[in-house]
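What follows is a short report on a single structure.
The values are calculated or read from the model by the stated rules, or taken from the named source; none is laboratory data. Since this is a predicted model, take the numbers as computed values, not measurements. Note that each Cβ is placed from the backbone with ideal geometry, even for glycine, and that neighbours are counted across all protein chains shown. In case anyone asks, the SASA skips ligands and DNA or RNA and just uses the protein heavy atoms, side chains included. Shrake-Rupley method; radii C 1.70, N 1.55, O 1.52, S 1.80 Å.
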Amino acid sequence: MRALSSALLAALALAMPAWAQDTKPIAERVEIHAIPSLTLSDQQVLSGDSNGKPVTVTGEFRIAQGSGKLPVVVLLHGSGGMGPNIETWAREFNAMGISTFALDGFTGRGLTSVNMDQALLGRLAFTLDSYRILELLAKHPRVDTSRIALMGFSRGGQGALFASLKRFHQMWNKSGIDYAAYIPFYPDCMTTYISDTEVDKPIRIFHGTPDDYNPVAACKKLVERLKGAGRDVVLTEYPNAQHGFDNPLGTAAPFMVKGAQTVRNCRLLEEPKGVLINAVSKEPFTYKDPCVEKDPHVNHDAEATNAARIAVKDFLRARFKVE
């Protein structure tokens, strides 16, 4: 019996370092927060009209291990809701000592997905929600308000990308603080907004060359305009990555999302008074326009995911001054 106990203790002692190392991605504390927001049309957001439907969305705040005020990455999900990539990114950041705040922008609005009908929620809804999250984080005792980044995926990537506009901050951000950086993954860049090159914080976009959901070509044009305006922006492109390439549960082979809507062949422009028009027809845009297509593809690309993980973490290390 004594020999057995000694062997067991020895085995546990050998296992402890590995077990201790595995605890790094585990949050020290998890909080679920209610976030008062609004459900507005795009025209309302663009024109500053707050006469919309009040809604309470929620967010999971994972406070990383550490002491004092910590940096935070706010995560915005895509059209399918909070997918597995949100959890994997949260664990990556928590292991670095960076807290995460993951928005659930759907459940409080009675939605589970808008893939098949993007008209169910305005294109800028998550941008507005991201400012409401800042109001909460600005008052939290464990948050370093000078080190908060906004990261989003697909629809959430679009929300993160355009949350960088100074014009939208002036209209909707009442928190008194700002995001330190914006990290959109495979966003929809098909819309040209008024003053959309007026940004003052770094933007890092990650995209796939064969993406037929939100084509990278439109983002390249936006990046060119941003660089022409002297902005700090970088687009990283992966040659084999389809849409959603960082989803760990995605298929390696491209998978068609049957019936999902895409504006890949649309060109949208903001006209005065906050009206989004189809640049070809010059008529107000709707998801019934002929340019709206269906059946885009997604896949998981391990190589692109690993490369993006390294790039994002390196960027945050430099930006947030963390190890």
In degrees between 0 and 90, to the nearest 10, how far off the longest principal axis of the chain does helix 302-320 point, with axes built from Cα atoms? 90 degrees
Kindly flag which residue pairs out of LYS166/LYS313; LYS53/LYS201; LYS221/LYS282; LYS139/LYS220 have an alpha-carbon separation exceeding 29 Å in this structure. LYS53/LYS201; LYS139/LYS220
Taking every DSSP bridge whose two residues both lie in the chain, the antiparallel percent to the nearest 5 is 50 percent
Between ASP295 and ASP22, with labels modelled 7 Å along Cα→Cβ, what's the label distance in nm to one decimal, could you check? 4.4 nm
Give the dimensionless ratio obtained when the Cα radius of gyration of segment 134-250 is divided by 2.2 N^0.38 Å. 1.09
If I compute solvent accessible area with a 1.4 Å probe over the protein chains, what percent of it on the chain is carbon and sulfur? 56 percent
What percent does the relative contact order of the chain come to when contacts are Cα pairs within less than 8 Å and at least six residues apart? 15 percent
Need the full-extension length gain, THR236 to VAL280, defined as separation in residues times 0.36 nm minus the C-alpha distance. One decimal, nm. 12.9 nm
So what's the angle, to the nearest 10 degrees on a 0 to 90 scale, between helix 216-228 and the longest Cα principal axis of the chain? 80 degrees
CD proxy at 222 nm, helix term only [per DSSP H run n ≥ 4: -39500 (n - 2.57); per residue of the chain; nearest 500]: -9500 deg cm²/dmol
For a bin width of 5 Å, list the pair-distance distribution of segment 129-175 built from all Cα-Cα distances, rounded to whole %. 5, 20, 29, 26, 15, 4, 0
Could you please report the charge total around GLU303, scoring K, R as +1 and D, E as -1 over all other residues with beta-carbon less than 14 angstrom from its beta-carbon? -2
Mean accessible surface per residue for the chain, computed with a 1.4 Å probe while every protein chain stays in place, in Å²: 45 Å²
Check each of the trypsin sites (Lys or Arg not before Pro) in segment 112-169 and keep only those in coil by DSSP with at most 14 other C-beta atoms within 10 angstrom; list them in order. LYS139
Would you mind checking the tilt of helix 2-22 against the longest principal axis of the Cα atoms of the chain, expressed as 0 to 90 degrees and rounded to 10? 30 degrees
Computed on Cα atoms, Rg of segment 44-89 relative to 2.2 N^0.38 Å comes out at 1.64
Cβ-Cβ FRET estimate between ALA302 and ARG225, R0 fixed at 45 Å, reported to 0.05: 0.85
Listed residues GLY176, GLY48, GLY108, most fluctuating in the chain (Gaussian network, C-alpha, under 10 Å): GLY176
So how exposed is LYS221, as accessible area in Å² (1.4 Å probe, rounded to 10)? 130 Å²
Within segment 132-150, list the residues whose amide N lies under 17 Å from a label point set 7 Å along Cα→Cβ of LYS321. 143-149
Compare PRO141, PRO25, PRO215 in a GNM of the chain, Cα atoms joined below 10 Å, and give the one with the largest fluctuation. PRO141
